[in-house]
Structure formats: structure tokens, C-alpha cells
Amino acid sequence: MKRFSIAIHGGAGTISRGKMSREKEQAYTKALEEALQAGASVLKNNGTALAAVEKAVIALEDSPLFNAGRGSVFTADGTHEMDASIMDGQDLKCGAVSLITGIKNPISLARDVMQNSGHVFLAGEGAMKFAKKIGYKCEEASYFFDEFRYRQWQKVKGSDSFKLDHSEMDDTKFGTVGAVACDLKGNLAAATSTGGMTNKKWGRIGDSPVIGAGTYADNKTCAVSCTGSGEFFIRGVTAYDVSCLMKYKNISLAEAASKTIHEHLPKIGGDGGLIAVDSQGNVVMPFNTEGMYRGVMTSDGKKQISIYKD
């Protein structure tokens, strides 16, 4: 019988142990554990990898600690524009949304795009019309308001500067979120969700909703969710790069992910990390930054939640 595995991330970047308060470290650890448990409970009950990654990401979107869903950053206009994508490795079906506002759980809307729209990627006004048509309600702006995110925006408001959520350490909150899973049938899935970058303009879209850049899943290779400097993950087609290396060079998940994050991405100036799992349930979580909020749980008893490099 195959084993199940699930891994999650909450952002990669400048995460210094010396600047992290014990209280915040405990809060992050608790939030990561709750997300892991949410996804693992699906897998324990013979649920699908797709359902598991959605559940795990919903838990992270519901936490104000991460830059996704409730904790999303402010745009230059003082709004919240959220992106998400999800992919099923069994049949390569996928769904993505971008530039959406007021949706509590963007990852669920991405799954509905995959299953109920006849399309892969919906954005902006069209995505919102689709959401309303199938019964989503829009939360008030106050649901997404967070004092730290607001102060973060005030520092760059009115300028041409923008801030990646992972580029400057603050012990209050952090990061794009994602999950990958292998279920008991050996099927894979990946999901990623983000609020983008503080003070972003012109409808900027990062890698998180872009299939092949921030998210990818194929039962024949692996499932991947990325976090980091989005423009570089798009240029490097980073999520697919891992799968491609496994498929065409016939190398292991660990070697493929390491090459992607430690060799290919830095060559074009990118930083960040990823989580990935193969159909045997092997999990890797490489990153080339000071830290990455991450966790893994498997059916054979492995459980690990980490923040720093060591």
C-alpha cells in the first residue's frame, strides 16, 4: 500500500532567528501545524491529493499571518488583489485566478475554475463575475484589513517602490502559501495562493497563479508549489523545471529540485524556495534564502515544521 505525504509552505526569504520573537515563532508553528493537520486528515481518510492541498491552503489563507487570503498585502490603490492556482497531477487539469478581490479563499475559486468554468485561468472582473455566478460572496474590506500590512504599505505608499513580502524581515507576518500532496493512490496535486506584493501597480501578476511557474503537478514526475521573487520564477518556469528535469534527465526529485533552486534560479537573479513531492511520497523543500516557513507530514509518522535553514 502506498503512503501519503503532504508538505506546506508559508513563504521564503529573509527570516532571521535573532529577529524572530518566541511568541511569533510559536504562532507561525501553530498555524503551519493546523494547516498540515487539515490536509493530512483528508489523506488519512483516503481523500484525494487535490482535496488535501485545497484544505491545507484554506487553513493558511484563513490565517492573518501569511500573505494570502485574509493576510493579503495592500496594493498601490489600497485594495487587495489575490492570486491562486491548483493542479491535479492525475489528469493535468488545473485552475487559476488572478486580480480577484473580496474572496475569502481564492484557492477554492481556482478549483472551481478548473472544475466548473471550462477554462484554466480567469482574472479580474471576469473572475469576479464567475465567482458571483456560482455563489461566492464577497467579504467586506475590513475582513482583509491588518494593521501590520497597512503600516507596511504606508512606508511605500505614493512612491514607485514595491515590497515583496519576503524581502524584509519583520517578526509579525510573512509569505505566499502553498501545499503539495501525494495521496494513498499515488496521485499528486499542488496549490499556491498569494496576495502579491505591497504597493503593486498596473495589475501586476506574479508566479503563484501561473501554471508551470509557481504551481505544477504531474503524477509521472512531481507536484510543486513555489514561493519567492515571482518575476524570476515566471522567467525560469520554475515549477515545471523540476518536473522537466525528472522527466527528461531521469533524475530524482531531490536532485531536480536542488538544481532548480540552487543553480538555475540564482543564475537569472531569483531567490526563494519550493516544496515538492513525487508519487512515492518523497518530499523535498529546498530554498536559497535565509529561511522558509515549511512543514511536512507523512503516513509513516514523519512530521516536521521548520522556519530557519538549520
Kyte-Doolittle mean at least -1.0 and Cα extent at least 18 Å along the axis: which DSSP H helices of the chain qualify? 22-44, 49-62
Given the rule -39500 (n - 2.57) for each run of at least 4 DSSP H residues, summed and divided by the residues of the chain, what is its mean residue ellipticity at 222 nm, to the nearest 500 deg cm²/dmol? -9000 deg cm²/dmol
If I build a Gaussian network model for the chain, linking alpha-carbon pairs within less than 10 angstrom, which residue out of Pro106, Pro286, Pro209 has the largest mean-square fluctuation? Pro286
The local net charge around Gly126, scoring Lys/Arg +1 and Asp/Glu -1 for residues other than Gly126 whose Cβ lies under 13 Å from its Cβ, equals +2
At 7 Å along the Cα-to-beta-carbon direction for both Leu92 and Lys19, put a label point, then send me their distance in nm to one decimal. 4.2
Listed pairs Lys247/Lys303; Lys220/Lys249; Lys19/Lys200 exceeding 22 Å between Cα atoms: Lys247/Lys303; Lys19/Lys200
If we count other beta carbons within 10 Å of each Cβ, what is the order of Leu60, Leu99, fewest first? Leu99, Leu60
Order by neighbour count: Leu253, Leu92, fewest other Cβ atoms within 10 Å first, most last. Leu92, Leu253
Which of (i) 31; (ii) 39; (iii) 14 is the computed percent of Cα pairs over 33 Å apart for the structure on display? (iii)
Would you mind ranking His80, His264 so that the residue whose beta carbon has the fewest other beta carbons within 10 Å leads the list? His264, His80
What full-extension length gain, to one decimal in nm, is calculated for Ile268 and Ala141 as 0.36 nm per residue of separation minus the Cα-Cα distance? 42.0 nm
Given +1 on the Cβ of Lys and Arg, -1 on the Cβ of Asp and Glu, and no further charges, what dipole in debye does the range 5-308 carry about its Cα centre, rounded to the nearest 20? 80
Quick check: residue separation of Ser306 and Lys185 times 0.36 nm, minus the Cα distance between them. What number comes out in nm? 40.8 nm
What is the sum of charges around Met246, taking Lys and Arg as +1, Asp and Glu as -1, for the other residues whose C-beta is under 12 Å from the C-beta of Met246? 0
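None of the figures in this text is laboratory data; all of them are computed from the coordinates on show. All figures in this text were calculated on a predicted structure; none of them were measured in a lab. Neighbour counts are summed over all protein chains in view; Cβ atoms, including those assigned to glycine, are modelled from backbone coordinates with ideal geometry.
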